[in-house]
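Below: one structure, written as structure tokens.
The values are calculated or read from the model by the stated rules, or taken from the named source; none is laboratory data. A quick note: this is a predicted structure, and the numbers were derived from the prediction, not measured. All Cβ positions, glycine included, derive from the backbone under ideal geometry; neighbour counts span all protein chains shown. Each accessible area value is taken on the protein alone, full model and side chains, heavy atoms only, with ligands, DNA and RNA left out. Shrake-Rupley method; radii C 1.70, N 1.55, O 1.52, S 1.80 Å.
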Amino acid sequence: MNLTCGTIFCGRKYFDGTGGNNHAVEYYDRTRYPLAVKLGTITPQGGDVYSYDEDDMVIDTLLAKHLQHFGIDMMQCQQTDKTMNELEIAANMNFKFECDNILESGVALKPVFGSGYLGYVNMGNTCYMNSVLQVLINCVGKISNKYLAHSASRSEVPTDFGTLFRNLIHYTENPGKYSVDPEGLKPGQENGVRPALLKSIIGKGHPEFSSTRQQDAHEYFLHLITILEKEERKTPNLACSEDLCFEVEDRIQCNASQKVLYKSRKDYCLSLPIPLEKASNYAAAQAWEVRKSELEAAGDKIKPEDYVKYKVNLGDCFTMFSAPEVIQDFLSPETNQKGTASKTTGLKTFPNYLMLQARRFTLTANWQPKKLDVLLDVPDVIDLDYLRSSGLKPGEVELPSGPIEAPLEPDPSIVENLMGMGFSFEACRKAAYHTKNVGVEQAMEWIFSHMDDPDLNSPLVIEQPVAATSAVAVNQDDVQMLCAMGFTVKQATKALKKCDNNLERAADWIFSHADELDQDEPESSPSTASSLPDGPGRYRLRAFISHMGSSTACGHYVCHIRDKGGRWVLYNDEKVALSVTPPKDMAYMYLYERM
């Protein structure tokens with residue numbers, strides 16, 4: 001509550017995304033009324049008073065008088081909320097633990113400089129970009145070699161991705177004055193470069209990556225891969241993303257007929273679930289969760305050394321990834337009946353570089369993002385050959401190419417809305433049917449474009465169900481959601497097919513491929529696997545990206561990279577130093593290189 005006028009607003013938003021929405025400080029910016037008290041902390045002994053003028057907590061010796069002015073008797077008040085001190089301790093506890101371990105606080109890290117050790121300056125929430133770029137440029141040699149050989153634009157201020165990306169690679173390998181011994185820096189001189197224009201070009205047209213907000217490094221990695229693919233289509237000799245590309249294969253077995261169906265898709269990052277129930281200290285971690293809730297409810301201080309984090313082996317994550325999954329309501333093309341099916345997933349090809357994402361972020365019961373307090377036991381060397389999927393095996397009988405689609409029935413609500421506009425019943429049914437029940441607006445457009453059809457008002461003939469082709473069958477609910485964003489049915493369908501029915505990726509694909517939305521699709525090749533690198537599934541850890549904070553929308557990213565000499569190097573924006581104890585167990589993304 002503002003002590004000048006009695007107006008009540010929410011507090012600041014903390015670095016980890018918790019807290020208020022900054023309304024109180026925004027009110028101060030408009031009015032310059034400096035003092036505010038946190039109502040839930042008021043007791044007969046005082047309360048938390050903050051001075052926005054001094055940007056610090058202060059002691060208001062006249063607090064009782066100030067509160068009395070607004071009808072509040074301080075002597076009758078009881079504490080109902082944590083004090084600022086208690087709140088900051090609770091909010092910062094886990095963040096401090098992550099920072100201390102990931103940034104290796106308390107250890108004198110030796111700075112490194114020169115070729116391969118160029119830092120990228122944080123230009124305001126660009127640590128996610130810096131970390132992803134460092135890993136790709138310093139680890140995936142094909143990317144660096146292809147772009148360095150690329151003929152750069154001769155423009156004084158280049159604005160094309162190819163030239164800007166090439167320039168950053170060039171400076172990374174030949175940093176000169178931008179990567180020197182920090183002790184020799186002159187006044188006003190800084191280490192590192194600012195890839196501001198490159199950030200602008202990569203994020204152009206994207207609602208998130210064009211902003212100054214913190215982002216998810218995993219999503220940015222996939223977006224950057226999309227940009228690389230786009231460049232490769234324009235300039236074939238820049239083909240380099242294939243070193244990170246692999247095929248995932250799903251095996252679906254109809255439990256009624258025991259026949260199988262194999263479906264493959266292309267991907268660039270293997271997303272791994274984290275089975276907390278497999279933690280070696282599961283009982284202790286569960287007990288700590290209960291104890292932590294009790295301490296927070298009582299307002300007691302939580303000591304950093306008391307924290308108990310789940311400890312899970314990376315191998316258990318791969319096991320969960322490939323574990324059988326039951327598909328309910330599976331419409332079998334063999335029996336034409338709904339039943340269950342078993343689905344398992346494996347890798348059809350193994351890339352030269354395998355990027356992994358540990359799913360450390362989840363949603364709580366009330367749909368709030370939550371970061372899992374888990375430590376992963378990550379080995380330097382992994383062998384994934386047991387995950388290889390080689391298609392139809394001897395003795396297996398193949399299902400038809402896809403389940404039989406149920407006949408589409410016109411949506412009654414769309415039909416009713418159209419009839420209210422004066423169109424006939426059969427015309428409305430046809431409009432809903434031929435636009436696949438996407439929405440009233442699309443159906444109405446269909447009617448207007450078919451007004452001259454002689455059979456517009458004749459009875460609708462619904463096509464009989466047929467076996468699906470090998471093409472991806474898109475989810476019509478997802479089509480409708482994309483159409484609600486202003487895209488056509490054709491554009492939405494194309495995006496979903498490109499992204500294997502993943503709605504979030506499809507939305508991202510649409511914004512980053514605006515110039516391709518209305519282009520006709522070329523005939524697909526019989527197999528994509530033949531063009532992808534493949535080899536043994538034995539890998540060595542080359543780099544990892546770590547995140548500090550409660551969600552990907554806030555906090556800080558850094559990366560660790562194993563250099564050519566086998567040393568682990570910490571890249572914290574413009575600060576580059578040798579790592580003493582690389583925190584592999586706390587990383588968010590891992591890059592493995594084929595041995």
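Residues in the range 261-300 that are surrounded by 14 or more Cβ atoms within 10 Å (Cβ to Cβ), in a loop (DSSP other than H, G, I, E, B) and touching an Asp or Glu at 6+ places or on another chain (Cβ under 7 Å): P275 alone.
Taken together, the residues in the range 570-595 that are assigned to a helix (DSSP H, G or I) and open to solvent by less than 50 Å² (accessible area, probe 1.4 Å) amount to 2.
Which members of the range 324-354 meet the condition of being of a type in the set (A, V, I, L, M) and touching a helix residue (DSSP H, G or I) at 6+ places or on another chain (Cβ under 6 Å)? L347 - this is the single residue of the range 324-354 that is of a type in the set (A, V, I, L, M) and touching a helix residue (DSSP H, G or I) at 6+ places or on another chain (Cβ under 6 Å). Screening F330 with (1) modelled with pLDDT of 95 or more; (2) of a type in the set (F, W, Y); (3) within 17 Å of A256 (Cβ to Cβ) gives one miss only, at (1).
Among residues belonging to the range 396-437 that are open to solvent by 80 Å² or more (accessible area, probe 1.4 Å) and under 29 Å from T335 (Cα atoms), point out the one that is modelled with the highest pLDDT. Here the answer is E398.
One residue stands out among those in the range 10-37 that are in a loop (DSSP other than H, G, I, E, B) and at pLDDT 90 or above: the one that is least open to solvent (accessible area, probe 1.4 Å), which is P34.
Taking the options T163, T159, name whichever one is touching a Ser or Thr at 6+ places or on another chain (Cβ under 6 Å), farther than 21 Å from M589 by Cβ and not basic (K, R). Full working, then the answer.
Numbers: T159 fails: touching a Ser or Thr at 6+ places or on another chain (Cβ under 6 Å).
Only one candidate passes the filter, namely T163.
Considering the range 43-65, the residues that are in contact with a helix residue (DSSP H, G or I) (Cβ under 6 Å, 6 or more places away or on another chain) and part of a loop (DSSP other than H, G, I, E, B) include one that is surrounded by the fewest Cβ atoms within 10 Å (Cβ to Cβ), namely P44. Taking the criterion of being outside any loop (DSSP other than H, G, I, E, B), closer than 11 Å to L276 by Cα and either open to solvent by less than 20 Å² (accessible area, probe 1.4 Å) or free of Cβ contacts under 8 Å to residues at least 12 places away in the same chain (or both), the residues of the range 306-321 that qualify are Y310, V312, C317. Report, by residue number, each residue of the range 544-567 that is open to solvent by 30 Å² or more (accessible area, probe 1.4 Å) and in a strand (DSSP E or B). Result: H556, R562.
Each row is one residue, and each column tells you yes or no for (1) small (G, A, S); (2) open to solvent by 30 Å² or more (accessible area, probe 1.4 Å); (3) not in a helix (DSSP H, G or I).
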position	(1), (2), (3)
K177	no, yes, no
L197	no, yes, no
P207	no, yes, yes
Q215	no, no, yes
Y220	no, no, no
I225	no, no, no
D243	no, no, no
D250	no, no, yes
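Whenever a residue of the range 488-508 is open to solvent by 20 Å² or more (accessible area, probe 1.4 Å), its partners that are of a type in the set (K, R) and modelled with pLDDT of 80 or more, lying with C-beta atoms within less than 6 angstrom and at least six residues away or across chains, give the pairs D500/R265.
If I filter the range 438-452 down to residues being assigned to a loop (DSSP other than H, G, I, E, B) and in contact (Cβ under 8 Å) with a residue 24 or more places away in the chain, which single residue comes out as surrounded by the fewest Cβ atoms within 10 Å (Cβ to Cβ)? Checked the range 438-452; the qualifying residue surrounded by the fewest Cβ atoms within 10 Å (Cβ to Cβ) is G439. Annotation: T335 fulfils all but one of (1) part of a strand (DSSP E or B); (2) over 17 Å from S271 (Cα atoms); the unmet one is (1). Residues that are touching a residue at least 40 places away in the same chain (Cβ under 8 Å), surrounded by 15 or more Cβ atoms within 10 Å (Cβ to Cβ) and in a strand (DSSP E or B) do not occur anywhere in the range 151-167. Filtering E190, E183 for residues that are outside any loop (DSSP other than H, G, I, E, B) and acidic (D, E) leaves a single hit, E183. If the condition is being of a type in the set (V, I, T) and over 13 Å from T43 (Cα atoms), then the range 59-77 contributes I59, T61.
Could you check, for the range 362-376, whether at least one of its residues is basic (K, R), surrounded by 14 or more Cβ atoms within 10 Å (Cβ to Cβ) and more than 24 Å from the chain's Cα centre (by Cα)? Checked the range 362-376: no residue is basic (K, R), surrounded by 14 or more Cβ atoms within 10 Å (Cβ to Cβ) and more than 24 Å from the chain's Cα centre (by Cα). Condition check for K230 on (1) open to solvent by 30 Å² or more (accessible area, probe 1.4 Å); (2) touching an Asp or Glu at 6+ places or on another chain (Cβ under 8 Å): one failure, at (2).
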